[in-house]
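The values are calculated or read from the model by the stated rules, or taken from the named source; none is laboratory data. Since this is a predicted model, take the numbers as computed values, not measurements. Neighbour counts are summed over all protein chains in view; Cβ atoms, including those assigned to glycine, are modelled from backbone coordinates with ideal geometry.
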Amino acid sequence: MHGGGLGGLAPGQWSDDTEMAICIAQVAATGAELRSEGALDAIAAGFLRRLADGPPDIGVQTGRVLREAAGAGGGADDMRRIAVDLHGQTGRTVGNGSLMRTSPVPLAHLGDADATVVAARAVSELTHHDPVAATPASCGAWLSTTRCAPASWTYGSASTTSTPATGQRFWTRPRR
């Protein structure tokens, strides 16, 4: 890792999405049920600790939600409320970060694909309320690969063909 990029990262420093994934992994490693409010509060607290450390890079939307949440108590409920309000103002708050940071979620639910999607959605909704963010359509292949790989030690077990057609169209359409 050479450093640089959008946030002026130091050589060897990982992205904001990776830092947030670590917050999720730390909560998952305690054995907490990631769909529970207690676990989501712990994840939210991790996100806010990361923000307080002054990260070199943070997405505009994620940063706005976290900064407002820090001033509002900082719990999972505060973050979700702020994310809903932001979506109401902009009408579009989908972002790849809400999906990328969910990589550790399947490791807490290796035997349960449905629980994986529900937990990923709950984590995503902390900062991204958009209905397209972290839905079964948007994260089916992503989370399936992460969930299946440790069990089978292969990465070829998931593809966008397992993603419903509406999600395939959204996530594979050309960008302007």
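One table, with the values for the structure above:
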{"quantity": "Cβ pairs under 7 Å, 6+ apart, first in segment 54-66 and under 16 Å from THR90 (Cβ atoms), second among the aliphatic types (A, V, I, L, M) and surrounded by 15 or more Cβ atoms within 10 Å (Cβ to Cβ)", "calculated": "GLN61/LEU86; ARG64/LEU86; VAL65/MET79; VAL65/ILE82; VAL65/ALA83; VAL65/LEU86"}
{"quantity": "Conditions (1) modelled with pLDDT under 80; (2) farther than 29 Å from ALA29 by Cβ; number of the one not met by GLY111", "calculated": "(2)"}
{"quantity": "Number of the condition not met by GLY31 [criteria: (1) in a loop (DSSP other than H, G, I, E, B); (2) crowded, with 17+ Cβ neighbours inside 10 Å]", "calculated": "(2)"}
{"quantity": "Flag if VAL84 is touching a residue at least 12 places away in the same chain (Cβ under 8 Å), surrounded by fewer than 22 Cβ atoms within 10 Å (Cβ to Cβ) and not aromatic (Phe, Trp, Tyr)", "calculated": "yes"}
{"quantity": "Per-region count, segment 87-109, residues crowded, with 20+ Cβ neighbours inside 10 Å and of a type in the set (A, V, I, L, M)", "calculated": "4"}
{"quantity": "All positions within segment 34-45 that are free of Cβ contacts under 8 Å to residues at least 24 places away in the same chain and part of a helix (DSSP H, G or I)", "calculated": "GLY38, ALA39, ALA42"}
